[in-house]
Amino acid sequence: SKREARVLLSLIVAASAIGPVLSGLLPHAVGPLSVLKLLFTNLEAVNPETLRTLCENPAKFRECQSARLQLRAGAGGIFMAILPSVLLLILSDGLRRGRRFAWVATLILQSFVAVISLTLVLGVFDLHPLGSFQLDHPQGFQPPAHGHPLPVVIPLLLPLLMVILLALTRGLFTVAAPPKTYSRIFGVLAALGVALSVVYVLLGRLLAKEFTPAPGLEALVADVPDRFLPLGYTLDLAPAFFPEGLFATILYEGVGMIFWTVAGILVLRSFIRPAHRPQAEDSDRAKAILQASGGSTMSWMTLWEGNRYWFSSTGRSYVAYRVHFDVALALGPPVGPADEMASALDEFTHYAAENQWSPCFYSVTEELRALTAARGWHSLQVAQETILDLDSLTFAGKKFQDIRTAQNRARKEGIRPLWITYADAPLALVDQVNAISEEWVADKHMPEMGFTLGGLDEMAPSEVRCLLAVDETNTVHAVASWMPVYEEGRIVGWTLDFMRRRGSGFRASIEYIIAAAALDLKKEGYRFISLSGAPLARVEDLDPEATQEEADGASVLSRLLDRMGGLLEPIYGFKSLLKFKSKFQPRYVPLYMVYPDVAALPRIANAVGRAYLPDVSLRQGMALIGRLVKRPGQEEAPKAEAPRSEPAQTPAAQPPAAGMPDTSTPPAPPAPEQTPAKPAAPAEQ
């Protein structure tokens, strides 16, 4: 998943920062990457006598230069010597959080180190493309006089590989800080740098006798840039003077240490601050309308990241939409007062036309379908939503035998339901939920999808409730998240979104937590719960009132959807999900996609696919095609699916391929013992 990829890359960057420091601190460090300490550290201390001996011999001019640099190896000198590693370590935390600034800063820093390393590589082979000009080698670097140079050259190429890795993973880092965050930081650092420079020059003049030789004003000013640069990368490789006294040493080393410590703290604080959402104000406005007026069972999804917002002329209704391939793809019907739905539809249609977009409303109920049909729009059923009416729900009778079995087994194994909010839950529980989610994604070999499919980020709002199945040792066996459904300012029901279980956990945990949630929410007085839709798994007659042209088109599209549902069943298990939800004896509500222009269907199909898979890579797309080609004859759910006691996958699972609509989360392939190829782990993952 994107979250796990960020964590892995941040760990790689952190390791590349810490490793050279450890290698530099250990006097006899050996290993394939120990050469990197020459790029990141310069920790060898030199006493004044050694310095004097070296500098008295003109033949040892370069050794004299290096030794003079090492004379600063106090606390401040060590800090400045490992400064690149310190900065990379700070930036790795920003990478973990997906921050764009951290990616840019890391790329710049690694590129600088890569240039230095390439210079050393060229020096090993006596290649100097820049003519007589070349960067001096760091202290301790000696090109191999004998033996093969590759043991030295190959580790030096690691910074270049890091630059390539960062360039390839640019799409992972899209989280921005609030506006003007870094302009303010740069302003503070610029003022601090000027202040420290002035202090250094003034105090340097007062403490001139503690330096050898005593510097003048011009020498102090010329030395200012070196105070802010890492040891080994200074502008003047032969320092003009050195501190001898205590106060002179503190001044000499403290300027850079103070500056970069403050810089590190400010940057780290910027990573910790909440991220900036470009549509945050519109999202807050939409949320207020939703909570006041209500909406459909899927309206909470309109508040998710990635949506744009259009507001009606009255300001009481809105449409959440995305634009792909010149299609304004709206999620659900307009949200707002019921008496404004028709006018909001007409206004949004006009707004889309002004922008040369084809409007399309996705996953809407019969009410909006009727309004659009009266305006000559076309429709296509894309899913069946499953609703449990709580007032009459008892789980009694033969038809609920599987549910009661799951409840009884849970009691015997000491498993209980636990309601939490994801953002405020104890870290021990959150870590387990994250691990369960990553386990599912890793086994799926496909990226997590969005649009109508929520993930961990969509569980964060305090209004979303999560139900865990935990045992006596507080081990989490399954998790399900529930989104609120509003009506006239109050919550009347809940919609299931994220649902995954631990691969090695309680097998019937999915049935158990859904049943537990239904009974708990019934006691709390709510009217219904929605188990979301079952995409590409429906049998519906054509609309008898449709025109022949529309009927023919719908027939073709319906057959195409049925065919695609069969092809995708081994991977996503759409029909298995519908079969699983039927255990709860739900009420089925058809969901439609409505659109005014039949000619726009190819673009609409692409828009739906892009909405679900905005970041799918070529490799992942080819992997999906390859898995389909390997199973060309599997049109139905695997025959061995029936014995399962939980869904093959969960509402957090992935939707169909490009153009294949979905309003919920399809199931995965059957259990490992039922298919020769390793499937995506079931609902657990």
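Values for this structure:
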quantity	calculated
Nearest-0.05 FRET efficiency for R100 and L246, computed from C-beta distance (R0 41 Å)	0.40
FRET E, pair A176, R285, Förster distance 25 Å, beta-carbon r, rounded to 0.05	0.80
Shape box of segment 259-401 [Cα atoms, principal axes, largest first, Å]	68, 53, 30
Quarter of Cα convex hull surface for segment 402-527, i.e. mean projection, nm²	8.4 nm²
Extension reserve of the V323-S582 stretch, reckoned as 0.36 nm per residue once the Cα distance is removed	89.8 nm
In nm, spacing of pseudo-spin labels at R273 and D424 (7 Å Cα→C-beta vector)	2.6 nm
Inter-site label distance for L161 and S343 at 7 Å from Cα along Cβ, in nm	6.5 nm
Dipole axis of segment 251-387 (+1 Lys, Arg; -1 Asp, Glu on Cβ), positive-most option in Y321, A288, Y252	Y252
Accessible carbon and sulfur surface of segment 360-498 relative to its total accessible area, %, 1.4 Å	50 percent
Segment 286-370: C-alpha gyration tensor shape, a/c 1.5 cut-off, then a/b vs b/c	rounded
Difference of contour (0.36 nm per residue) and Cα-Cα distance, D457 to E4	161.8 nm
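The values are calculated or read from the model by the stated rules, or taken from the named source; none is laboratory data. Just so you know, these numbers come straight off a predicted model, no measurement behind them. Here Cβ is always computed from backbone atoms with ideal geometry, including for glycine, and neighbour counts include all displayed protein chains. Please note that ligands, DNA and RNA were not included when accessible areas were found on the heavy atoms of the full protein model with its side chains. Shrake-Rupley method; radii C 1.70, N 1.55, O 1.52, S 1.80 Å.
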